[in-house]
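**Student:** Next up is a structure, given as structure tokens.
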Amino acid sequence: MQVTIHAAKTNLSKLIDAALSGEEVVIAKGRKPVVKIIPIVQSSFKIGLLKGQVVGDGPDFFEPMDQGELAAWEGGE
């Protein structure tokens with residue numbers, strides 16, 4: 001579907017619905033196409049996805065490393 005800028009101003013809600021339903025919506029200046037309305041893909045990212053599934057104590061990053069850990073970190077054995 002191609003519409004003029006004036007028609008797009010008048011029917012913006014309908015054009016958005018058409019784009020969301022998969023229709024290609026192009027807005028033209030006169031007869032020259034200038035922009036296309038496309039939907040933004042919604043992600044299904046969920047905060048706290050592993051909440052309650054990860055158990056146990058993690059490392060305390062504020063405690064100093066012992067000599068073996070420090071040597072391994074620095075590339076020694």
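**Student:** With volume of the Cα convex hull per residue in Å³ as the read-out, I listed (1) 90; (2) 71; (3) 247; which label goes with the value calculated from this structure?
**Tutor:** (3)
**Student:** Cross-link candidates for LYS29: which lysines have Cα within less than 30 Å, leaving aside residues fewer than 8 places away along the same chain?
**Tutor:** Once the sequence-local lysines are set aside, what remains near LYS29 is LYS9, LYS14.
**Student:** Between SER43 and LYS9, with labels modelled 7 Å along Cα→Cβ, what's the label distance in nm to one decimal, could you check?
**Tutor:** 3.7 nm
**Student:** Given a 1.4 Å probe, how much area per residue of the chain is accessible, in Å²?
**Tutor:** Spelled out: the 1.4 Å probe surface of the chain, per residue, equals 94 Å².
**Student:** At most 13 other Cβ atoms within 10 Å and a DSSP loop assignment: could you name the chymotrypsin sites (Phe, Trp or Tyr not before Pro) in the chain that fit?
**Tutor:** Sparse-neighbourhood loop chymotrypsin sites (Phe, Trp or Tyr not before Pro): PHE45, PHE61, PHE62.
**Student:** Carbon and sulfur together cover what percent of the accessible area of the chain at a 1.4 Å probe radius?
**Tutor:** Solvent-exposed carbon and sulfur of the chain make up 59 percent of the total.
**Student:** Something else now. So who's got an amide H within less than 5 Å of the one on THR4, skipping anything under 5 residues away but keeping other chains? H placed 1.01 Å off N, in plane.
**Tutor:** ALA28
**Student:** Of GLN67, GLY52, ALA18, which is farthest towards the positive pole of the chain's charge dipole, taken about the Cα centre with +1 and -1 on the beta-carbons of Lys, Arg and Asp, Glu respectively?
**Tutor:** Highest projection toward the positive end goes to ALA18.
**Student:** For the pair SER21/GLU74, report the inter-label distance in nm, with labels modelled 7 Å from Cα in the Cβ direction.
**Tutor:** Here the modelled spin labels are 6.9 nm apart.
The values are calculated or read from the model by the stated rules, or taken from the named source; none is laboratory data. Owing to the predicted nature of the structure, the values given are computational and were not obtained by experimental measurement. Neighbour counts run over all protein chains shown; Cβ positions are idealised from the backbone, glycine included. When the accessible area is computed, the model is the full protein with side chains, heavy atoms only, and any ligands, DNA or RNA have been set aside. Shrake-Rupley method; radii C 1.70, N 1.55, O 1.52, S 1.80 Å.
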